[in-house]
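Just below is one structure, and these are the notes that go with it.
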Amino acid sequence: MTLSQHVLQQLNNFGPDAQDLSAIMNRIAFAGKLVSRRLTRAGLVEDALGFTGRQNIQGESVKKMDSYANDVFISVFQQSGLVCRLVSEEMDDIYYMPESCSISRYTLLYDPIDGSSNVDINLNVGSIFALRRQQGDDTDQTGADLLTPGHEQLVAGYILYGPSTVFVYSIGKGVHSFTLDPSLGEFILSSENIQIPEHGPNYSLNEGNMWQWEESFRDYIRYVHRHEVYSGRYSGALVGDFHRILMQGGVFLYPGTTKNPAGKLRLLYESAPLAFLAEQANGKATTGDHSVLDVKPDHIHMRTPLIIGSREDVALVESFIQGRKLEQPPAPLGVSSI
Ligand code: AHM
Ligand code: MG
């Protein structure tokens, strides 16, 4: 089954809204195919690797692939009549598509290349996206209606550029994944109704930041180190690390640090879309204080700490943050502690 057939089947009707959503997903998938093609040949193509020399609004150096992928998402939606506004990690402000705004009420929020430090060394990267329906008319172009919690997302998903290119999405009816068949140029359904295991062996975080975390996170890591059942797995690309946890269970953490008290990850186009997927797959996502989907951003590039994954593993981290011992810590996967 192809992605667009699947979206229509999920919506269970062929009305104009369903056709629009299916067309939008198709366009996102097309952007993913273009990015995937460029990544596959990056070492052979001029101007595909390295930095542009610019910095984005977060003060991060922009890679050529970030800029390419950002433009790909713009061009697949330009003149499409499908999406009125774009919000991207790589654009300081909301990007309006006036030609579409009279007929479209949708906003696409995206991180064009997540984990871009992996690009130049040929490791996995991803694109993350969320779709929201515009509330109000936004005539003054402030985008105030976007500063609302992640529950407002209609669709969320990501594309993982790994050994194969995988498209994962949810429209609030479970989480489904599709694999790009390069010989057909189509994403074909590969897993339906994915469920995150209640508990898994993986913990994923940048331990190089350990001395910048709050003590509760150091306590959690000491606990993990004392139990031989855990495996540290961190690729430096959130999409890949989250995908492992979605399929195998465990927890991904990016806590606040002394340098970045709200962590590194951006709410609207990184944490909230993945939180939507996690909850749809029976997992959990928290900032440590609040459910990620309850957080109301105060600006479009706001950052939040992120703890996401299997319910029991997220609860274990929360128990350290709240300074309480879990009455029943997750069963240690059949192997005793050391
Ligand atoms: P990016 O979107 O600019 O690539 O930043 C997000 C990435 C995540 O994919 C990853 O989890 C994190 O940054 C890695 O950060 P660090 O190098 O601090 O561990
Ligand atoms: Mg990112």
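The values are calculated or read from the model by the stated rules, or taken from the named source; none is laboratory data. Values in this document were obtained by computation on a predicted structure and should not be read as measured data. Using ideal geometry, Cβ is built from the backbone for each residue, glycine included, and neighbour counts are taken over all protein chains shown. The accessibility values were calculated without ligands, DNA or RNA, using every heavy atom of the protein model including side chains. Shrake-Rupley method; radii C 1.70, N 1.55, O 1.52, S 1.80 Å.
Legend: calculated FRET efficiency, ASN206 to ASP92, from the Cβ-Cβ distance at R0 = 25 Å, rounded to 0.05, equals 0.45.
Treat every Asp and Glu Cβ in the chain as -1 and every Lys and Arg Cβ as +1, leave all other atoms uncharged, and give the resulting dipole magnitude about the Cα centre to the nearest 20 debye. Let's see the in-between values first.
Working: 27 positive and 39 negative charges, 119 e Å.
Approximately 580 debye in magnitude.
Shown for the chain are the DSSP H helices of 27 Å or more along their axis, judged by Cα atoms, with a mean Kyte-Doolittle hydropathy of at least 0.0: 16-40.
Taking a threshold of 24 Å on the Cα-Cα distance, which of the pairs LYS264/LYS296; LYS33/LYS63; LYS33/LYS64; LYS173/LYS284; LYS173/LYS264 fall above it?
The pairs that break the limit, which is 24 Å between Cα atoms, are LYS173/LYS264.
Averaged per residue, what accessible surface does the chain expose to a 1.4 Å probe, in Å²? Don't jump to the answer; show the numbers that get you there.
Numbers: 14490 Å² over 338 residues.
Normalised by residue count, the accessible surface of the chain is 43 Å².
Could you work out what % of the accessible surface of the chain is carbon and sulfur, using a 1.4 angstrom probe and leaving DNA, RNA and ligands out of the count? Accessible surface attributable to carbon and sulfur in the chain totals 49 percent.
Are there GluC sites (Glu not before Pro) in the stretch 34-121 that DSSP puts in a loop and that have at most 13 other Cβ atoms within 10 Å, and which ones?
Details: sites: GLU46, GLU60, GLU89, GLU90, GLU99; in loops: GLU46, GLU60, GLU89, GLU90.
The qualifying sites are GLU46.
Between ALA23 and LYS259, the FRET efficiency estimated from the beta carbon spacing at R0 = 41 angstrom works out to 0.45. Calculated FRET efficiency, LEU11 to LEU34, Cβ-Cβ distance, R0 = 30 Å: about 0.70 to the nearest 0.05. Loop-resident trypsin sites (Lys or Arg not before Pro) (DSSP state other than H, G, I, E or B) in the stretch 1-79 with no more than 16 further Cβ atoms inside 10 Å of their Cβ: ARG41.
How would the stretch 96-205 be classified by its alpha-carbon gyration tensor: rounded, prolate or oblate, with rounded meaning a/c under 1.5 and the a/b versus b/c comparison settling the rest? Prolate is the answer for the stretch 96-205, as a/c is 1.5 or above and a/b outweighs b/c. Within the stretch 217-279, report the trypsin sites (Lys or Arg not before Pro) that DSSP leaves as loop and that have at most 10 other Cβ atoms within 10 Å. Hits after loop and neighbour filter: ARG226, LYS259.
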